[in-house]
Amino acid sequence: MKMNSSTPKMGLGAWALWIFCRSVAILPHWVQYNCIGKAIYFILRYVVRYRRKLIIRQLTESFPERSKKEIATLCTEYYHTLAQTFVGTMTLAAMSEKKKQEVLDVTVPEEILEAVKGKHFIHLSSHHNFWEFALFVGLKFTGHITLCAYHPLTSKAWDELYYHLRYSKDAIPVPSSQLIRYFLQHRKDGVDGRQLLLGLIADQNAPPMGEVHWYDFLNHKTIFFEGGEQMALKFGMPVLYLSMSKVAAGRYKGEVIMLYDGVESVEKHEITERYVRQLERDILREPAAWMWSHRRWKYYPDPVTGEPIYKAR
């Protein structure tokens with residue numbers, strides 16, 4: 001792996017994890033997904049039964065019209081998605097630019113390329129299909145460098161590993177708490193003469209902060225992070241969305257959609273609402289491809305005041 005002054009060094013623990021990932025990443029594709037992937041699926045599904053109660057509950061609440069058998073089938077399909085996510089993460093340790101374009105075949109309309117040319121912009125992705133590959137959208141925007149917002153992990157070794165898996169000449173991981181500061185520092189000149197593409201995964205569990213707006217999402221009242229919308233309106237930045245579909249194990253296709261052009265007059269919460277609606281359509285199209293093992297709904301609105309109430313389960 002190439003190291004330079006802009007990437008922090010890895011400790012022994014991270015190096016051990018990196019070597020393991022690298023050893024998997026150089027294997028043939030069929031070994032990665034047909035052998036290792038299926039082994040991980042078996043362990044998750046039948047041995048540890050990873051968060052099965054949570055997965056079943058959230059699927060049932062989100063799709064009340066589906067039978068228990070259908071929900072169980074979705075749960076099984078989700079374990080395949082999760083197993084392939086583990087494998088896909090490891091393959092990042094040996095991913096050439098050519099390979100990146102193979103694993104995610106992205107379509108970007110010409111009018112979008114023209115609309116963001118010479119401008120900073122925001123790219124909203126989600127945990128639908130393999131979100132780490134969403135980084136590769138930046139390869140379509142050659143005049144930009146991606147700032148990949150992430151939440152640092154409590155384990156130093158794992159945090160260092162994920163940083164290096166995501167880092168490249170086209171992408172710089174930036175802790176979410178530092179993203180605005182980093183953007184402001186480089187807003188004028190960009191990075192190495194390239195404009196900034198702010199990559200945000202916007203469907204993580206958002207805690208109630210300040211004024212709360214509830215969105216209707218998968219049969220739930222849901223809080224979403226609105227930082228992307230706020231930055232877009234403050235700095236006049238376009239907002240794009242990646243709609244991703246699975247083609248085969250470890251292979252995806254994506255379509256980039258314009259949610260906001262940076263100049264349109266919109267109501268408060270409108271940009272986030274557009275994101276929520278597009279994400280919901282994608283999930284309904286491929287329900288087992290979303291991250292159901294993540295506890296998404298920790299809060300619900302008080303029926304009288306609308307104030308958030310924590311769900312103790």
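The values are calculated or read from the model by the stated rules, or taken from the named source; none is laboratory data. In this text the structure is predicted, and so the values were computed from the model without any measurement. Here the Cβ is made from the backbone with ideal geometry for all residues, glycine too, and neighbour counts use every protein chain on show.
Inside the range 246-279, residues that are under 17 Å from H123 (Cα atoms) and under 16 Å from the mean Cα position of the chain (by Cα) make up a count of 10. In summary, no strands (runs of 3 or more DSSP E) completely within the range 89-171 bear 2 or more residues that are buried (at least 18 other Cβ atoms within 10 Å of the Cβ) and touching a His at 6+ places or on another chain (Cβ under 6 Å). Taking the criterion of being among the β-branched types (V, I, T) and in contact (Cβ under 8 Å) with a residue 12 or more places away in the chain, would at least one residue in the range 166-175 satisfy it? Within the range 166-175, one or more residues are among the β-branched types (V, I, T) and in contact (Cβ under 8 Å) with a residue 12 or more places away in the chain. Surrounded by 20 or more Cβ atoms within 10 Å (Cβ to Cβ) and under 16 Å from Y275 (Cα atoms) - does that describe any residue in the range 203-213? Yes, there is a match, as at least one residue in the range 203-213 is surrounded by 20 or more Cβ atoms within 10 Å (Cβ to Cβ) and under 16 Å from Y275 (Cα atoms).
One residue is enough: does the range 230-237 have a residue meeting the conditions modelled with pLDDT under 95, over 21 Å from H127 (Cα atoms) and either assigned to a loop (DSSP other than H, G, I, E, B) or hydroxyl-bearing (S, T, Y) (or both)? No, the range 230-237 has no match at all.
None of L198, L218 is aliphatic (A, V, I, L, M) and crowded, with 21+ Cβ neighbours inside 10 Å except L198.
One residue alone among Y78, Y33 is part of a helix (DSSP H, G or I), over 30 Å from L240 (Cα atoms) and in contact with a strand residue (DSSP E or B) (Cβ under 9 Å, 6 or more places away or on another chain), and that residue is Y33. The requirement of being touching a Phe, Trp or Tyr at 6+ places or on another chain (Cβ under 6 Å) and among the aliphatic types (A, V, I, L, M) is not satisfied by A171. Out of A134, A83, A93, one residue alone is among the aliphatic types (A, V, I, L, M) and farther than 22 Å from Q204 by Cβ. It is A93. Filtering the range 278-302 to residues that are assigned to a helix (DSSP H, G or I) and either surrounded by 15 or more Cβ atoms within 10 Å (Cβ to Cβ) or among the β-branched types (V, I, T) (or both) leaves Q278, L279, E280, D282, I283, P287, A288, A289.
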